[in-house]
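Undergrad: This structure is in structure tokens; I'll ask about it shortly.
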Amino acid sequence: MKRSHAILTVVTAGALAAGTLVTLSPAANAATTLGSAASAKGKYFGTAAAAYKFSDSVYTGILDREFTMVTPENEMKWDATEPSQNSFSYAGADTIVNRAKANGQRMRGHALAWHQQQPGWVSSLSGTALRTAMVNHITNVATHYKGQIYAWDVVNEAFSDNGDGSRRNSNLQQTGNDWIEVAFKTARAADPAAKLCYNDYNTDGVNAKSTAVYTMVKDFLSRGVPIDCVGFQSHINSASPLPSDYQANLQRFADLGVEVQITELDIAGSGSAQANSYADVVKACLGVTKCAGITVWGIRDSDSWRSGDTPLLFDNSGNPKAAYNSVISAFGATTTSPSPSVSASSSSPGPGGDGACTATYSNNAWTGGFVTTVTVKAGSSALTGWKVALTLPSGAAITNSWSTTASGSSGAVTFGNVSYNGSVAAGTSTSFGFQGTGSAPSGTATCTAS
């Protein structure tokens, strides 16, 4: 994308009188998001999405705004796409694919062959009949989405957890030890442009399971079996912490010549410990050239398959957590949109007269809507709380906000801090954001210490 390097600064007499500076510049481009921060480093940042949640405006607002890659949670699995033998159903998956395409997001396909979430009719098959059914399933699903998928999880979780590096004794394994390579060859024939991945969990560090996968990939490459990438699920918790050799393990796979992808990331916990672990994952991916990107498995904690562990980047209400900020920071918080937007600020002292703060904002606007990110910066004294006042244009209305409590949704709106971002050290800043319909803000934002 071509960028303009010009910076235009406009100061009007009225603005000077009000102590307000209005600037237009590519540096104020758009709200920094997970996707834009990752894209600036040549990576993607994705999430798993569920079609049945698309009626939830908070859910879809985050989905559309933050991510550049989307993986269907369940809608492309065998039980969803072929509920009856040779009778295919794509409604749920198509809903996700069509939304992603409309938003300029890419798709990961998940998963073509897996020992779980098989339709009931598969349990009556074995041997040649099951192998034929698997090949038919992969051919039909991959052909239906031909040219629309960045990468397929062709085979999912085929190795055991017993510590000896053996294959899982599944019904698919019982059709013959060559079933995995047959699945990959079938997928290549059906969707030749897509990257083909093997995906598994408990493979984050160098261990018997990951080494077994490594050996398989090396063998496939030596014999010309098509495989382009390896997916690392990275479900991190206290019983399975992020290993110290995480990056080294990613690198050894990359050294084989395959792309590595972090495919189902979630990290149990909260606060700085969780935030630091998320940052460590980002740094590991950045440290491996062939690490294409990161996908988190869900959007809000309440959307997670392990919601009790609060493992995601947004809380139950859709507010970004400390881990969100740590991911943005680890990527460098670089925006990518070249479209200029208006940024305005004003300052006001706090009750004691020495706790001044300023509020600046940037808009990412489109026809009929916008996302605004507001930065609150403390003056010479630390803040223990803050409020930002902003008047929205006529007809504009807030539909969603994060890291703030908003009073009002149209006209004159006041935003206050929440529990985790009220304390701001002198000279430092924090941020919050909101999404709305209508025209984006263009007037002065006034900050008051509280």
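The values are calculated or read from the model by the stated rules, or taken from the named source; none is laboratory data. The shown structure was predicted, so the numbers you read here are calculated from the model rather than taken from an experiment. Positions of Cβ are generated from backbone atoms using ideal geometry, with glycine treated the same way; all protein chains shown enter the neighbour counts. Ligands, DNA and RNA are stripped out before the accessible areas are found, and what is left, the full protein with its side chains, is counted by its heavy atoms. Shrake-Rupley method; radii C 1.70, N 1.55, O 1.52, S 1.80 Å.
Undergrad: Note down the magnitude of the dipole of the range 200-342 about its Cα centre, charges +1 on Lys and Arg C-beta and -1 on Asp and Glu C-beta and zero elsewhere, to the nearest 20 debye.
TA: Its charge dipole is roughly 200 debye.
Undergrad: Continuing with this model, one more query. Quick check on the chain: of the DSSP beta bridges with both residues there, what percent are antiparallel, nearest 5%?
TA: Expressed as a percentage, antiparallel bridges in the chain total about 60.
Undergrad: Once the Cα atoms of the range 52-150 are picked out, what are the Rg and Dmax in Å?
TA: My reading of the Cα-based Rg and Dmax gives 14.8, 47 Å.
Undergrad: Run the reach check for LYS185 against aspartates and glutamates, Cα to Cα strictly under 17 Å, same-chain hits fewer than 8 apart removed. What comes back?
TA: Partners found: ASP153, ASP219, ASP228.
Undergrad: Convert each backbone phi in the range 275-286 into a coupling constant with the Karplus relation 6.51 cos²θ - 1.76 cosθ + 1.60 (shift: θ = phi - 60°), then list the ³J(HN,Hα) values in order as whole Hz, x for Gly and Pro.
TA: Taking θ as phi minus 60°, the curve returns 4, 5, 5, 4, 4, 5, 5, 4, 5, 5, 5, 4 Hz for the range 275-286.
Undergrad: How big is the antiparallel share of DSSP beta bridges in the range 221-336, given as a percent to the nearest 5?
TA: Restricted to the range 221-336, the bridges split so that about 15 percent are antiparallel.
Undergrad: Another question about this same structure. May I ask which of LYS195/LYS218; LYS43/LYS146; LYS101/LYS283; LYS41/LYS101; LYS146/LYS321; LYS209/LYS321 have a Cα-Cα span longer than 25 Å here?
TA: LYS101/LYS283; LYS146/LYS321; LYS209/LYS321
Undergrad: If you don't mind, there's one more thing I want to ask. Can you pull the percent of the range 101-154's accessible area that's carbon plus sulfur, 1.4 Å probe, other chains left in place?
TA: Carbon and sulfur atoms account for 50 percent of the accessible area of the range 101-154.
Undergrad: While we're on this one: Please give the contour-minus-distance gain from ASN276 to SER394: 0.36 nm per residue of separation, less the Cα-Cα distance, rounded to one decimal in nm.
TA: 38.3 nm
Undergrad: Next question, about the same structure. What does the charge count near ASN103 come to, summing +1 for each Lys or Arg and -1 for each Asp or Glu among other residues with Cβ under 12 Å from its Cβ?
TA: Result for the local shell: +2.
Undergrad: Once the convex hull of the alpha carbons of the range 63-106 is built, what does its volume come to per residue, in cubic angstrom?
TA: 61
Undergrad: Computing the accessible area with a 1.4 Å probe over protein heavy atoms, can you report the carbon and sulfur percentage for the range 242-300?
TA: 45
Undergrad: SER439 accessible area, nearest 10 Å², 1.4 Å probe?
TA: That residue has around 70 Å² of solvent-accessible surface.
Undergrad: Can you work out D for the range 124-164 in µm² s⁻¹ from Stokes-Einstein, where Rh is the Kirkwood radius over C-alpha pairs, the temperature is 10 °C and the viscosity is 1.306 mPa s?
TA: Once the numbers are plugged in, D ends up at 127 µm²/s.
Undergrad: Next question. Please report, in Å, the Rg and the Dmax of the range 81-224, where both are computed over Cα atoms only.
TA: Answer for the range 81-224, Rg first and Dmax second: 15.5, 45 Å.
Undergrad: Starting from the exponent 0.38 and prefactor 2.2 Å, build the expected Rg for the range 153-275 from its residue count and divide its actual Cα Rg by it.
TA: Working it through for the range 153-275, the quotient is 1.09.
Undergrad: Now, a different point. Per residue of the range 384-398, in order, report the coupling 6.51 cos²θ - 1.76 cosθ + 1.60 (Karplus, θ = phi - 60°) as ³J(HN,Hα) in whole Hz, putting x for Gly and Pro.
TA: Result, ordered by residue: 10, x, 7, 9, 10, 9, 8, 9, 7, x, 4, x, 7, 8, 7 Hz.
Undergrad: Along the charge dipole of the chain, which of TYR52, GLY308, GLY379 sits closest to the positive end, that is, farthest toward it, with unit charges on the beta carbon of Lys, Arg, Asp and Glu (+1, +1, -1, -1)?
TA: Among TYR52, GLY308, GLY379, the one farthest towards the positive end of the dipole of the chain is GLY379.
Undergrad: Using the Kirkwood radius over C-alpha pairs as Rh, can you work out the diffusion coefficient of the range 281-329 via Stokes-Einstein at 20 °C, viscosity 1.002 mPa s, in µm² per second?
TA: The calculation lands on 184 µm²/s.
Undergrad: Here is a follow-up. State to the nearest 20 debye the size of the charge dipole of the chain about its Cα centre, where the only charges are +1 on K and R beta carbons and -1 on D and E beta carbons.
TA: 960
Undergrad: I would also like to ask the following. If one computes P(r) from the Cα atoms of the chain, what percent of pairs lie at distances over 42 Å?
TA: Summing the P(r) of the chain above 42 Å gives 22 percent of all pairs.
Undergrad: Right, something else. Using a 1.4 Å probe on the protein heavy atoms only, what accessible surface does ASP164 show? Give it in Å² to the nearest 10.
TA: So the heavy atoms of ASP164 present about 100 Å² to solvent.
Undergrad: Would you calculate, for the chain, the mean residue ellipticity at 222 nm contributed by helices, counting each DSSP H stretch of 4 or more residues as -39,500 (n - 2.57) and dividing by all residues, to the nearest 500?
TA: Roughly -8000 deg cm²/dmol at 222 nm, from the helical runs in the chain.
Undergrad: Could you pull out every residue, at least 5 positions away or on a different chain, whose amide H is within less than 5 Å of the one on SER450? Hs are placed 1.01 Å off N in the peptide plane, and Pro or chain starts have none.
TA: When sequence neighbours closer than 5 places are left aside, the close amide H contacts are THR384, GLY385, TRP386, LYS387.
Undergrad: Expressed as a fraction of 2.2 N^0.38 Å, the rule-of-thumb size for a compact globular protein of N residues, what is the C-alpha radius of gyration of the range 184-223?
TA: Ratio of Cα Rg to 2.2 N^0.38 Å: 1.35.
Undergrad: Taking Cα atoms, how many degrees apart are the long axis of helix 322-331 and the longest axis of the chain, rounded to 10 and kept between 0 and 90?
TA: The two axes meet at around 80 degrees.
Undergrad: Once the Cα atoms of helix 208-223 and of the chain are each reduced to a long axis, what angle between those two axes, in degrees from 0 to 90 to the nearest 10, is obtained?
TA: Approximately 70 degrees, to the nearest ten.
Undergrad: In square angstrom, rounded to the nearest 10, how much accessible surface does PHE184 have for a 1.4 Å probe?
TA: Roughly 0 Å² of PHE184 is accessible to a 1.4 Å probe.
Undergrad: How much area per residue is accessible in the chain when the probe is 1.4 Å and only protein heavy atoms are counted (Å²)?
TA: About 39 Å² of surface per residue is accessible.
Undergrad: Keeping every protein chain in place, order TRP297, TRP152 by accessible area at 1.4 Å, biggest value first, i.e. largest first.
TA: In descending accessible area the options line up as TRP297, TRP152.
Undergrad: Ranked from the most accessible area to the least, with a 1.4 Å probe and all protein chains present, what is the order of TYR278, TYR90, TYR52?
TA: Sorted by accessible area, descending: TYR52, TYR90, TYR278.
Undergrad: For the range 171-322, what's the relative contact order in percent, using C-alpha pairs closer than 8 Å and at least 6 residues apart?
TA: Relative contact order of the range 171-322: 18 percent.
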